[in-house]
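Reviewing the structure listed below.
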Ligand code: NAD
C-alpha cells in the first residue's frame, strides 16, 4: 500500500528544510517503502503565484492526502498583503478545513544537547514528554467576544472560554490513545478551582477515563501548578492534555526545556473516520520561516526531519522507522554535528545540507 504525502514547503527556510525531508523520504522509498509525493505552493509564494495563500487545488490535495508535511510561511515581503490573504491565513484554513483539533508537541531532550537547556542537565536529561493541546475551541474562538465602550467612556473587553462535552472527549481520547503507545500516563491540566469550564473539563475527562481508558494512569493537575512542575521536575510527566489557552503557554514552556527552536517538531491531528480509520494530519516544525537566515544554507533541518518521524509514528504506525529517524538524529548530535543555532564549543558547525546528509549517513550505518 502506498502512502500519499502532500508537501507544502512554504516560504523562507520552509523549502530548505522540507528539501531535507524529501531526501529522507527518498531514502525510505529506496528501502522498499512506498511514499508518493505531491507538492504545492503555500503562504507568500502561493500568494505571489496565484493571488491567494492556498489555492483550492492545494486544499483538495491536502484533504485527499494521507498526511501533509508543512514547512513554514510568512515574511516581511508579504507584510502589506490584505489580511485575509496573508501567508499565515493558509495555515488557519488548513487547520479548519482538515478539522485539526489536536496539537501534539513533544519535548524530547537529546542527550548531546542537555547542556544547552536553561535548566540543570540532570533535570532535562532523558526527558520525553508530549503535550496534547486542544486547538480549535476554547477562549480563542468562544462567543461573545469583543471590545465595547461603556457609558462613562471607559472600555470593556470580553473573551469567552467555552467547551462542550464532545470537544473535551475527543481531545482527551487522543491523549489517552497516545499514552497507551508511550508510558501510559496522562495528566489533565485545567483550573477547575476557579473556572466552570475547568470543572466540566475535569469531570468529563474523568468520565471518559472510567468508561474507556481505565488501563491508563490519569492524574488531574491545576494548570498553574503544571507550569511550575514543568520546570521543577518535568520527567514526572508522560502525556499532558489541556485546553487551547493553557496548551499554548504550557507547550511553549515545555518546548523550551530542550533548547533550540530548530529542533522542535509538531503534529496536528483530526478525527479518525470510523469507516476508513483515516485520520487527517499535518506535521510541521514549530519554527517560522526565519527570514533572517533564509537562503543562507544554515537553517537547522532537524525540526522538520523530526516532524517526519512523528508522521511515520502517528499517521502510518511505523514505530520502528520513527525510532530509527530519532536514533539517527541522536547519533549525529552525539558525533558533534551542529547547525549554527545549536552550536557549542568544540563541536563541528555544519550547514543545512550537510546536516541532512549526516542524518542519511547515520540511517545507512544503523541499518547496514
Ligand atoms: P522564526 O521561528 O521564523 O524565527 C525566530 C528565530 O529563530 C530567528 O532568529 C530564526 O533565525 C531562528 N530559527 C528559526 N528556525 C530556525 C531553524 N530551523 N534553524 C536555525 N534557526 C532558526 O520566528 P519569527 O522570526 O518570529 O517569524 C518569522 C516569520 O515566520 C513571520 O512571518 C512569522 O509570522 C512566521 N511564522 C510562521 C510560522 C508557521 O509557518 N507555522 C510559525 C511561526 C512564525
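Looking only at strands (runs of 3 or more DSSP E) that lie completely in the range 1-93, which have at least 2 residues being surrounded by 24 or more Cβ atoms within 10 Å (Cβ to Cβ)? Let's see the steps before the verdict.
On the way: elements: 3-10, 35-39, 67-72.
Answer list for the range 1-93: 3-10, 67-72.
Which residues, counting only those in the range 245-296, are assigned to a loop (DSSP other than H, G, I, E, B), within 16 Å of the chain's Cα centre (by Cα) and farther than 22 Å from residue 93 by Cα?
Just the residues of the range 245-296 that are assigned to a loop (DSSP other than H, G, I, E, B), to begin with: 257-260, 264, 273-278, 286-296.
Now narrow it down to the ones that are within 16 Å of the chain's Cα centre (by Cα): 257-260, 264, 286-289.
Of everything in the range 245-296, those that are assigned to a loop (DSSP other than H, G, I, E, B), within 16 Å of the chain's Cα centre (by Cα) and farther than 22 Å from residue 93 by Cα turn out to be 257, 258, 259, 260, 264.
Got a number for residues in the range 297-308 being in a loop (DSSP other than H, G, I, E, B) and buried (at least 19 other Cβ atoms within 10 Å of the Cβ)?
Going through the range 297-308, the residues in a loop (DSSP other than H, G, I, E, B) turn out to be 297-301.
Subset that is buried (at least 19 other Cβ atoms within 10 Å of the Cβ): 298-301.
Here the count works out to 4.
Go through (1) over 27 Å from residue 10 (Cα atoms); (2) part of a loop (DSSP other than H, G, I, E, B); (3) in contact with a helix residue (DSSP H, G or I) (Cβ under 7 Å, 6 or more places away or on another chain) one by one and return the number of the condition residue 345 breaks.
Going through (1) over 27 Å from residue 10 (Cα atoms); (2) part of a loop (DSSP other than H, G, I, E, B); (3) in contact with a helix residue (DSSP H, G or I) (Cβ under 7 Å, 6 or more places away or on another chain) one by one, residue 345 breaks only (3).
Does residue 274 satisfy being on the phi < 0 side of the Ramachandran plot, buried (at least 21 other Cβ atoms within 10 Å of the Cβ) and more than 10 Å from the ligand (Cβ to nearest atom)?
When the stated conditions are applied, residue 274 does not pass them.
So which helices (runs of 4 or more DSSP H) stay within the range 108-218 end to end and still have 3 or more residues that are modelled with pLDDT of 95 or more? Break it down into steps so the answer makes sense when it comes.
On the way: elements: 121-124, 165-180, 196-212.
Where helices (runs of 4 or more DSSP H) fall fully within the range 108-218 and carry at least 3 residues being modelled with pLDDT of 95 or more, they are 165-180, 196-212.
Given (1) within 16 Å of the ligand (Cβ to nearest atom); (2) in a helix (DSSP H, G or I); (3) modelled with pLDDT of 95 or more, where does residue 312 come up short, assuming only one miss?
Looking at each condition in turn, residue 312 falls short on (1).
Give 266, 260 a once-over and let me know the one that is surrounded by fewer than 24 Cβ atoms within 10 Å (Cβ to Cβ), within 16 Å of the ligand (Cβ to nearest atom) and closer than 14 Å to residue 100 by Cβ.
266
The values are calculated or read from the model by the stated rules, or taken from the named source; none is laboratory data. Just so it is clear, the model here is predicted, and its values are computed rather than measured. Cβ atoms come from the backbone with ideal geometry, glycine included; neighbour counts cover every protein chain shown.
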